[in-house]
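Report on one structure; see the data block that follows.
The values are calculated or read from the model by the stated rules, or taken from the named source; none is laboratory data. Note that the structure is a prediction, hence the values are computed from the model and not measured. With ideal geometry, Cβ positions are generated from the backbone for all residues, glycine too; neighbour counts draw on all protein chains shown.
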Amino acid sequence: MRIGLAVLGLLATAQMAAAQSRIDELAGFYAVLFTPSGALPAAVRVQPPREGERRLSADLRFCRYRFRDDNVAYDNFGLGARVRVSRSISVGGVVAHRTCSTCDGLSMVGAELSTTLLRRRATEPEGGDSELGLLLSAGAGTPSKLAFSARSVGALLPISVTLPQENGALLALSLLPGVGYGRIKDDGGVLFPSAPGPIGTFGSVRFTIGASVAYFAPMGLGFHASVHRIAIAEAPTQVGVTASWRF
């Protein structure tokens, strides 16, 4: 009898732990998705030739995805700015907003720091350089009506190859592996799929993967197209575009 009760107790504890773990997994996913690091495309910046005099940059970012219901599209719009504080380090910020036809609006803010860890110059004039970068980010997201908030911190390691184009332009191909910690504070029990859901603070580490292609014109304009995905079964594939200006 005691053994049976002990086994039942262990099974109940295991079920509770699994449920809690599942909530933490989803919370980490939602938090990354509801903050700029996961909601917007990463605007990877490489250093084109003759870029030394340009220290400021601004960009407009757009990302779209469908989540759960294929008939509902989520649109994220963002505005970012950066300043180069040294030869290879830039800092900046981003503000963003999510909209869709049936969901609550979501406002987001974030900060970013980017640097070049390694750069390998081409051995031939027509060859392309290769770079390993680091993009650190922190952000927050707050819905317009629902009683929860999202926070995240993350790191992205852009691996880029640049290819010279005509008239001094540059084409950059990038692979974007990353990792982030996301945390949800849900005071209303509104986010998770039960009625009412659990109340409290939940979070987890989530990995991300993405890829981008960018074209940098010599006068300072840049155009980026990218896809990225958060590593969890429920995650959508997010498609984004960015227009940037270096001055």
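Things worth noting here:
- Enumeration of residues in region 60-94 that are of a type in the set (A, V, I, L, M) and in contact with an Asp or Glu (Cβ under 9 Å, 6 or more places away or on another chain): Leu79, Ala81, Val91, Val94
- Being at pLDDT below 90, of a type outside the set (A, V, I, L, M) and under 20 Å from the mean Cα position of the chain (by Cα) holds for only one residue in Gly105, Gly92, Gly110, Gly80, and it is Gly105.
- Scanning region 124-174 for residues that are polar (S, T, N, Q) and buried (at least 19 other Cβ atoms within 10 Å of the Cβ), we see that the one that is farthest from Gly105 (Cα to Cα) is Thr162.
- Arg98 vs. criteria over 22 Å from Leu176 (Cα atoms), at pLDDT below 95 and under 15 Å from the mean Cα position of the chain (by Cα): yes
- Unique residue being over 30 Å from Arg121 (Cβ atoms), within 17 Å of the chain's Cα centre (by Cα) and of a type in the set (A, V, I, L, M, F, W, C) when the list is Val205, Val179, Val213: Val205
- Every condition in (1) touching a Gly at 6+ places or on another chain (Cβ under 9 Å); (2) buried (at least 16 other Cβ atoms within 10 Å of the Cβ); (3) polar (S, T, N, Q) is met by Thr99 except one, and the failing one is (2).
- Going through (1) out of contact with any strand residue (DSSP E or B) (no Cβ under 7 Å at 6 or more places or on another chain); (2) in contact (Cβ under 8 Å) with a residue 60 or more places away in the chain one by one, Gly189 falls short only on (2).
- Test: residue in region 189-197 that is at pLDDT 90 or above and either under 20 Å from Gly139 (Cα atoms) or not hydrophobic (A, V, I, L, M, F, W, C) (or both): no
- Single residue of Ser107, Ser90 found to be exposed (fewer than 15 other Cβ atoms within 10 Å of the Cβ) and touching a residue at least 12 places away in the same chain (Cβ under 8 Å): Ser107
- Near pairs, Cβ below 8 angstrom, 6+ apart or cross-chain, from region 146-168 (at positive phi) to any residue that is crowded, with 17+ Cβ neighbours inside 10 Å: Gly168/Pro48
- Residue in region 200-209 that is touching a Ser or Thr at 6+ places or on another chain (Cβ under 6 Å) and either buried (at least 21 other Cβ atoms within 10 Å of the Cβ) or within 23 Å of Leu79 (Cβ to Cβ) (or both) present: no
- Taking region 110-123 as the range and being surrounded by 18 or more Cβ atoms within 10 Å (Cβ to Cβ) and of a type in the set (S, T, N, Q) as the test, the residues that pass are Ser114, Thr116.
- Hits in region 57-78 (condition: in a strand (DSSP E or B), of a type in the set (A, V, I, L, M, F, W, C) and exposed (fewer than 14 other Cβ atoms within 10 Å of the Cβ)): Ala73
- Residues of region 38-55 classified as out of contact with any Leu (no Cβ under 8 Å at 6 or more places or on another chain) and at pLDDT 90 or above, total: 3
- Of the residues making up region 216-244, those that are surrounded by 15 or more Cβ atoms within 10 Å (Cβ to Cβ) and aromatic (Phe, Trp, Tyr) number 1.
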